[in-house]
Amino acid sequence: METAQRLKILQTWLAHQGYPDVALQPVSGDASARQYYRIQVGDQSRLVMDAPAQVDECHAYLEVQKLMAQAGLHVPRIDAADPNAGFMLIEDLGARDYLAAVRESPDEQWWNDAISALVRWQAATRKPMLPHYGADRLSAELELFPTWYVSQHLGVEPSAKWQQRWAAGSEQLITAAINQPQVWVHRDFMLRNLLVSSPNPGVIDFQDALTGPVTYDLVSLLRDAFFSLTPAAEAHWIDVYANQAKHAGIALPEDLLKHIDLMGAQRHLKVLGIFARLRYRDGKPHYLDDAPRFLQYLAAELAPYPAFADFADLIADLPEQ
């Protein structure tokens with residue numbers, strides 16, 4: 001559908017919600033196909049989400065928003081929604097995200113608030129569970145790395161031996177993930193998806209939430225795609241999280257740091273594949289600017305574990321780009 005035609009349908013829908021003739025101000029997009037607009041309603045603003053090809057995600061957004069609100073997280077209020085059309089009118093929690101905040105200020109309160117929100121989310125896990133973040137999904141995510149980063153970005157066609165070594169390492173990562181305690185997982189609990197608001201943080205982009213490994217969201221937060229903590233700061237916040245999680249009754253793996261490292265390796269391989277796909281399929285090249293950060297994460301995550309030495313070499317031996 002042409003953009004102008006889609007906008008006309010959206011404006012008609014907004015008029016039916018009581019907002020005729022509002023100006024739609026585009027909001028800079030994320031890595032998804034969703035489009036956001038800001039509208040002014042009196043002295044307040046609202047966000048309009050347009051996701052025409054994401055009906056399932058819109059229904060999931062409504063479900064997860066309710067669960068997060070019940071858990072005490074600050075998520076956008078939904079003023080109107082037509083998930084089958086891909087339209088939502090939601091509360092505007094502001095334009096300043098935690099990535100901007102931590103870059104501007106070393107204030108520990110940002111991290112304290114984020115970890116407290118994460119613990120509340122995990123502690124709220126109950127039946128009926130969200131869909132499971134199982135072996136098939138974890139495997140499909142890992143395969144984005146050889147498909148898009150290795151073959152498409154680096155121009156390397158993996159040999160049969162390379163694929164065999166890759167499969168062995170991937171299987172170990174997947175086994176480690178599914179053997180962790182399972183909780184509700186945001187799946188992209190990173191600084192850009194946390195907003196400076198009152199109370200902090202405002203949590204967004206949660207429609208992909210699943211039931212999965214307890215360390216996943218912690219890795220997303222502390223080993224962010226666009227910001228790196230010092231090793232000392234990361235160790236401190238892992239301790240803060242572990243103490244809060246135990247106090248909240250959340251089960252943690254015995255070797256917490258090892259599971260954080262291996263979960264981080266799975267996530268960072270996946271994201272490298274996604275960033276390469278964004279460049280070559282979707283025409284969004286800038287995400288790969290942060291590829292060196294992910295490769296540094298991977299080297300540090302795999303190095304301590306002899307069982308992953310061959311897997312680490314497999315990645316380290318790839319040509320630089």
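As a summary of the residue check, residue 229 satisfies the conditions (1) more than 21 Å from residue 61 (Cα to Cα); (2) under 19 Å from the mean Cα position of the chain (by Cα); (3) crowded, with 18+ Cβ neighbours inside 10 Å; (4) among the hydrophobic types (A, V, I, L, M, F, W, C) except for the one numbered (3). Among the residues that make up region 174-195, is at least one of them over 25 Å from residue 57 (Cβ atoms), in a helix (DSSP H, G or I) and among the small types (Gly, Ala, Ser)? Checked against the condition, which is being over 25 Å from residue 57 (Cβ atoms), in a helix (DSSP H, G or I) and among the small types (Gly, Ala, Ser), region 174-195 yields at least one hit. Going by the structure shown, is residue 279 out of contact with any Pro (no Cβ under 6 Å at 6 or more places or on another chain), assigned to a helix (DSSP H, G or I) and at pLDDT 95 or above? No: the conditions fail for residue 279. Of all residues in region 23-62, those that are under 18 Å from the mean Cα position of the chain (by Cα) and exposed (fewer than 13 other Cβ atoms within 10 Å of the Cβ) total 3. Of all residues in region 87-113, those being surrounded by 16 or more Cβ atoms within 10 Å (Cβ to Cβ) and either in contact with a strand residue (DSSP E or B) (Cβ under 6 Å, 6 or more places away or on another chain) or among the hydroxyl-bearing types (Ser, Thr, Tyr) (or both) number 7. For region 197-205, the criterion of being surrounded by fewer than 20 Cβ atoms within 10 Å (Cβ to Cβ), in the same structural domain as residue 306 (by TED's automatic domain parsing) and more than 20 Å from residue 67 (Cα to Cα) is met by none of the residues. Comparison of 217, 239 shows that the only residue that is surrounded by 23 or more Cβ atoms within 10 Å (Cβ to Cβ) and out of contact with any Gly (no Cβ under 8 Å at 6 or more places or on another chain) is 217. Could you list, ordered by first residue, the pairs with Cβ atoms under 9 Å in which the first is in region 302-321 and over 16 Å from residue 161 (Cα atoms) and the second is in a helix (DSSP H, G or I) and of a type in the set (Lys, Arg), at least 6 apart or interchain? Final answer for the pair search is 304/258; 305/258.
The values are calculated or read from the model by the stated rules, or taken from the named source; none is laboratory data. This structure is a prediction, so every number in the text was calculated from the model and none was measured. Backbone-built Cβ (ideal geometry, glycine too); neighbour counts: all protein chains shown.
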